[in-house]
Each structure stands twice: as C-alpha cells, then as structure tokens.
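A short write-up of the structure that comes next.
No lab work stands behind these numbers, since they all come straight from the coordinates. All values derive from a computational prediction rather than experimental measurement. Cβ placement follows ideal geometry from the backbone for every residue including glycine, while neighbour counts extend to all protein chains displayed.
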2 protein chains.
Amino acid sequence: MVKRVRGSRTGRPIMVLLDLLGRRWVLRIVWELRDGPRRFRELQDAIGASPTIVNTRLAELREARLVELDAAAGYRLTVLGRELLRLFLPLHLWSEKWARATGVA
Amino acid sequence: MVKRVRGSRTGRPIMVLLDLLGRRWVLRIVWELRDGPRRFRELQDAIGASPTIVNTRLAELREARLVELDAAAGYRLTVLGRELLRLFLPLHLWSEKWARATGVA
DNA sequence: CTCCGTTACTACAATTATTGTAGCGTCAAT
DNA sequence: ATTGACGCTACAATAATTGTAGTAACGGAG
C-alpha cells in the first residue's frame, strides 16, 4: 500500500498517483531511468539528492511497482514504470515550447 | 524566472519543469483546476493544504504562466496550463489500470 | 586469508519546507 | 455600521530533506 501521508486522502487512484509523483525527486528519478538501469550512486549523483531521500523514494517507487532493483544491472523501470514514462515523454518537447513562451527556464 | 532551489541546476527546460511539478501540491492544484476556475479558499479546501503553501504554489504557478487569477472568476489555467493538463489527462485512465495491477491505491 | 573496491543502504544532527491557527485589509452589499 | 466574501500573511510547531559519515555484504587480486 502506497502511503498517502500528504494530500489526497480519498484513495482514488489518480489522487494517490498525483501524490506519489508530487513527492520531491520522484518525477526526476523516473526520468533518469528512461534510458535504462542506473546504479544507486549513479542515480544519486545524477540528481544531486541525499542518499537518504534517494533510498526513500526508490523504496516508494518499488512499492508502487514502477521501479525494480536488478542486482546485476541496477535500478530500472518496471513494465508499469515504462508505461508511465511513455505518458510523460511528451513533456520533454512541450517543456521547450513552454520555456520559449515564458522565458522561465 | 522560476526558482530552482532544489534539483535540476542545469536549467534545461525539462528539468525545470520536473522540478516545478515535483513540488508538493503542484500537480494536485493543476488537476483541481481542470474543470474551470476555483476560488482560493475553495481550492485550499479541496486539496486540504495550508493557505501558506497554497499561496506559495499558486505564486509559482502564476510565475510559470500556467495559472492566472481572474478577479471575477478565481484561479484558472492559462492556455499553457491547459496544454500541460491535456498532457496529463491520460494519467487518469492509466492510474486505474495501475491501481488494479498493484493493489496499491 | 586479507585487502581493496564496489555495491546498496543507514545514522543522525542541521537545515528547510510545510502545517495549522489566527487574523489582516479590501471591497461590495445590506 | 455591519456583515460576508475575498486573497493573502504571521508565526510557532511539526515534518521532510540535506550533508556527512559510516556500515555491512560481496567479489576479485595479491
């Protein structure tokens, strides 16, 4: 069961998902795994967060069946995780449009 | 300029965007605005966060040109905000599949 | 067998973010 | 004058995150 300490006490899947994805570093971790498995430290260095929180988030993502640890290769997206990532890929292109439109990034 | 106190010090649009969307309540606020404008308090009640943080997040979202305040109607998504929301809509359906697959929500 | 590097991960104090409660200032209607 | 809706702020209490250090398990080289 994914903890929902924060908002969305309704238990509706979309709320639980938005809650999970809205936790610091979660989106970023999923994003960093887009091209294949990464080691714990490698991931930690890539995003620049503390090992404590990287480990916490990885545990949450594993519990949510979005990420798994392969002893030989490192952390990687599960089938579900890759599906989710696919939904997010359009963000990449859109973010550049957004940046141009706002001068914000 | 969107602050990037947290991760993503690269300045790449996708990183800035993931950082912004990864802040607590941001995804939820965008989601709550999907059906039209909401008043400050209404929004606050809907998500159950403190007025302090709701106001902080709304300010960030306004700076990012994703949300705007219409004095007559309340807070609402801008054109860019609606584009972003459209990218997120598939999450709704997928979240139910995810919930069934994991028993997690 | 021991030393060395790599692995995932934990301990813990310091710092930062968020909450919860109360309330302010403005405006419009009564 | 009062009331109510509105966006928003102050501030102390609590929770989340960081940064640094270090643990424990494993595998290969000497």
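For the peptide A:89-102, the mean number of other protein chain Cβ atoms found within 10 angstrom of a residue's Cβ is 6. Calculated mean residue ellipticity, 222 nm, chain A: -18000 deg cm²/dmol, from DSSP H runs (n ≥ 4) at -39500 (n - 2.57) each, averaged per residue and rounded to 500. With the label put 7 angstrom out from Cα along the Cα-to-Cβ vector, A:LEU89 ends up 2.1 nm from the copy partners, going from closest to farthest. Measuring from each Cβ of chain B to the axis carrying B onto A, the nearest residue and its distance in whole Å come out as B:GLY22, 3.
For B:TYR75, the residues whose modelled amide H falls within less than 5 Å of its own, excluding neighbours fewer than 5 places apart on the same chain, are B:ARG38, B:ARG39, B:PHE40, B:ASP70. What separates the Cα centres of the range A:20-35 and the range B:30-54 is a distance of 24 Å.
Amide H to amide H, with H built 1.01 Å from N, A:VAL67 comes under 5 Å of A:ARG62, A:THR78, counting only residues 5 or more places away or on other chains.
Placing a label point 7 Å from Cα along the Cα-to-Cβ axis, A:ALA73 is separated from the same position in the other copies by 4.7 nm, shortest listed first.
Couplings 3J(HN,Hα) for the range B:63-69, derived from phi with the Karplus relation 6.51 cos²θ - 1.76 cosθ + 1.60 (θ = phi - 60°), are 5, 7, 6, 9, 9, 9, 9 Hz, where x marks Gly and Pro.
How crowded by other chains is A:76-87, given as the mean number of beta carbons from other chains within 10 Å of each beta carbon? Spell out each step's value before the answer.
Numbers: counts 0, 0, 2, 1, 6, 1, 0, 4, 5, 0, 2, 7.
Across A:76-87, the average partner-chain Cβ count within 10 Å equals 2.
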